[in-house]
Each structure stands twice: as structure tokens, then as C-alpha cells.
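Engineer: Take a look at this one; I'll ask things after.
Any read-out appearing in this document is the output of simple, stated calculations on the displayed coordinates, not a laboratory observation. Worth saying up front: this structure is predicted, and the values here are computed from it rather than measured. Every residue, glycine as well, gets a Cβ built from its backbone with ideal geometry; the counts of neighbours run over all protein chains shown.
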Amino acid sequence: MQGGYSFEDLKPGMTASYGRTVTEADIAAFAGVSGDFNPVHVNEEFAANTMFEGRIAHGMLTGAFISTVVGTKLPGEGCIYVSQNLRFRAPVRIGDTVTVNVEVTALDPKRRFVTLATTASVDGKPVVTGEAVMMVPVRG
């Protein structure tokens, strides 16, 4: 595989990461693709009067950055999501740099499943935590 690992190559403790600074364009594009135009994401006047005191990025946009890591780095190309749980711990704002880290925590050879701890952070503070289970191709 070019951009990833075969199931046989995975070991507990392996890690990968991805970083991205959230932009206005990211939020607009995500709202357009998802259809989620909640004003807390797209309307500063509305969002200023919420507990967040300003606009925040869609939580699932941050979750999508986790998909970037698992789909392109670890395990990488050819893997398929089985499940992903997410816990939203803090808001992400335009201009924040989100760093996603994933770590292999368990392997299920019978089903070719890999379990990964997933964490997205801003300035070292977790904003989204969770766990992903991926089905991974075998060599050959």
C-alpha cells in the first residue's frame, strides 16, 4: 500500500498526526456540504449572544480532521470506518490550529479491525476525544 499500512504491519503504540488551521472558508464549505447552517457557526451577531460569545466551528468539522489521519496516514489508504465515538470538550474557533493525534490501542486479527485512540487539540488542550475502529486491508 502506498499511503498506509496493511493490517499485518500495525502494532499497538503506533501514532500519526495531522494539523490544520480552521478558516472562514472551512466553516462555509462545511456548512454548505453538510447543510448545517446553525447560526452559532455562521452568524457572528447571533453567536456573540451565546455561551461561546462568538462563532465556533462545527464539531463534526473537527471530527472530519480525525478522518483525515485515519484515511491517509494510520491505518491509511483502503481502511474503512466501522465506528467512531466523539466527546466534544471545548469549542474550536476560526484561526485555531487543530492537531489530531491517533494511536493504535488494539488489534482484532479475526476481523482485521484496529482500534485507535483519537484526540484533537488546540494549543495542547483536548477539544475532541474519542475512539475509532477501522477495518484494514491485509497484504496481497
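Engineer: Among the residues of the range 114-129 satisfying the criterion of being touching a residue at least 24 places away in the same chain (Cβ under 8 Å) and crowded, with 18+ Cβ neighbours inside 10 Å, which is farthest from TYR81 (Cα to Cα)?
Structural biologist: The selected residue is VAL122.
Residues checked against (1) in contact with a Ser or Thr (Cβ under 7 Å, 6 or more places away or on another chain); (2) closer than 23 Å to THR21 by Cα; (3) not aromatic (Phe, Trp, Tyr):
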{"residue": "ASN49", "(1), (2), (3)": "no, no, yes"}
{"residue": "THR68", "(1), (2), (3)": "no, yes, yes"}
{"residue": "THR72", "(1), (2), (3)": "no, yes, yes"}
{"residue": "GLU77", "(1), (2), (3)": "no, no, yes"}
{"residue": "GLU103", "(1), (2), (3)": "yes, yes, yes"}
{"residue": "GLY124", "(1), (2), (3)": "no, yes, yes"}
{"residue": "VAL138", "(1), (2), (3)": "yes, no, yes"}
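Engineer: How many residues are touching a Lys or Arg at 6+ places or on another chain (Cβ under 8 Å) and farther than 24 Å from GLY78 by Cα when one looks only at the range 8-25?
Structural biologist: Matching residues across the range 8-25 total 1.
Engineer: Give the range 83-140 a look and list any residue that's in contact with a strand residue (DSSP E or B) (Cβ under 9 Å, 6 or more places away or on another chain) and of a type in the set (Gly, Ala, Ser), or say none.
Structural biologist: Within the range 83-140, SER83, ALA90, GLY95, ALA106, ALA117, ALA120, SER121, GLY124, GLY130, ALA132 qualify.
Engineer: If you check VAL128 against the conditions, is it touching a Leu at 6+ places or on another chain (Cβ under 9 Å) and among the hydrophobic types (A, V, I, L, M, F, W, C)?
Structural biologist: yes
Engineer: Is it true that GLY78 is under 29 Å from VAL136 (Cα atoms), assigned to a loop (DSSP other than H, G, I, E, B), touching a Gly at 6+ places or on another chain (Cβ under 7 Å) and in contact (Cβ under 8 Å) with a residue 40 or more places away in the chain?
Structural biologist: yes
Engineer: Consider ILE56 carefully, then state whether it is buried (at least 19 other Cβ atoms within 10 Å of the Cβ) and assigned to a loop (DSSP other than H, G, I, E, B).
Structural biologist: yes
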